[in-house]
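**Student:** Below is the structure I would like to discuss, written out as structure tokens.
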Amino acid sequence: MGNPLVRTLSRALSVIAIIGLFCAGCGSQNDAEKSSLSAEDLYKSTAPKNQSSDNQKKDSTEQKKKSFDKINDEMKYSSPFDAYFMNADQQQVVQSATDKLTKKCMAKKGYKYQPAAFSSSAKNSSWKTIWGPSDPEDAKLNGYTFQYEDDGNNGNDAASSQSTDTASDENKPGYLHALVNQEDTGCDDISRAALGYNAQWFSQISAFEKARMNADANAINDAKVQSAMSQWSACMKKKGLSYDEPRVIVDSYRKKNNERTIDASERTTAVADAECKVSTDFMKTILTTMNAYETRSIKDNQATMDKIKEISASIFKKAQTELSKPGE
């Protein structure tokens, strides 16, 4: 099936409904420290002077909570494409079955195989990794570090369900070729094929990838989204920052260590970014427009999506059957 790297990337699609791909635009940055907005400024009360101090604090807190709740609701975006793929729990079942088959296969070849911990992209993916923070409080605390949600498996993942008393033989000669290779005779290849990840699956996934990328690209180029970006950019300029759109900032920080110490400049930029998203309804515009284009894309590619759903159901059923067999 060709280059193992390409095949590995394709396999990733076998257990997740991928997030649309986005190419960042161009933009220039002014020194963030020149901004008139600080993290502290964002949280100062703007209530009328004739209100009591307690009422000011209460109103400010309630307003912030409403704002954060609104943002959090918007960020719980579920693509209409997701309905045609396995959910996080089903993904984990399939991965556990794959690991069980692979471990058995590798043992026959003389290798100890220890599965990696399973972490569902369906639960862990975040729009922050694409667009940056949309919650001013999160921005103040975390800047542009990309914190992922707990996948909720509480240690009951594919790795912990397998034996943990032996280490993998991954450093032994021939291990990698025994696991995956261009001839598709590796244990990972064989295990996935046994569950139904075959040529038909990858063909349908290829068609899906193209359809989704086109839908998301069209959404980004939509007049409503472009207008939202312009409004966001204008808002940032008022705060002393010059960017065409949020992904430019995200990309600049993506190149840095995610464990870095967040400095004042990053916090100021992140808070300004999130504040401008709130004031312009940026994320709501992005996500509702994307949803509309993706819904339309599904209708235009209904046969493909129906086939993916059919194959996914078959793969899940085979995985359940495999896991129901007595252990060794």
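We did not get these values from a lab; they are worked out from the coordinates using the rules stated. Note that the structure is a prediction, hence the values are computed from the model and not measured. A quick note on method: Cβ atoms are made from the backbone with ideal geometry, for glycine too, and the neighbour counts reach across all protein chains shown.
**Student:** Once Lys and Arg get +1 and Asp and Glu get -1 on their Cβ, which of Phe316, Thr261, Met290 lies farthest toward the positive end of the dipole of the range 253-328?
**Tutor:** Phe316
**Student:** Pairs Lys140/Lys255; Lys224/Lys299; Lys104/Lys317; Lys104/Lys307; Lys100/Lys309: which are spaced more than 28 Å apart, C-alpha to C-alpha?
**Tutor:** Lys104/Lys307
**Student:** I would also like to ask the following. Shape call for the range 255-328 from the C-alpha gyration tensor, a ≥ b ≥ c root eigenvalues: rounded (a/c under 1.5), prolate (a/b greater than b/c) or oblate?
**Tutor:** oblate
**Student:** Further question: Between Glu310 and Lys104, what is the label-to-label distance in nm when each label sits 7 Å out along the Cα-to-Cβ direction?
**Tutor:** 2.8 nm
**Student:** Quote the FRET efficiency, to the nearest 0.05, computed for Asp263 versus His177 with a Förster distance R0 of 35 Å and r equal to the Cβ-Cβ distance.
**Tutor:** My answer for the efficiency is 0.15.
**Student:** Something else: Which value, in debye to the nearest 20, describes the size of the charge dipole of the range 174-328 about its Cα centre when Lys and Arg Cβ atoms bear +1, Asp and Glu Cβ atoms bear -1, and nothing else is charged?
**Tutor:** It works out to roughly 520 debye.
**Student:** Determine which residues of the range 216-234 fall in the zone a paramagnetic label at Arg254 would reach in this model, i.e. backbone nitrogen under 15 Å from the point 7 Å along Cα→Cβ.
**Tutor:** In the range 216-234, the label zone of Arg254 (backbone N under 15 Å from the point 7 Å along Cα→Cβ) covers 217.
**Student:** Give me Lys307, Lys128, Lys255 sorted ascending by neighbouring Cβ count inside 10 Å, so fewest comes first.
**Tutor:** Listed from fewest to most nearby Cβ atoms, that is Lys255, Lys307, Lys128.
**Student:** If a/c stays under 1.5 just call it rounded; otherwise compare a/b with b/c (prolate if a/b is bigger, oblate if not). Do that for the range 170-286, with a ≥ b ≥ c from the square roots of the Cα gyration tensor eigenvalues.
**Tutor:** oblate
**Student:** On to the next question. What residues of the range 293-316 lie in the reach of a label at Lys210, counting those whose backbone N is under 19 Å from a point 7 Å from the Cα along Cα→Cβ?
**Tutor:** 294-309
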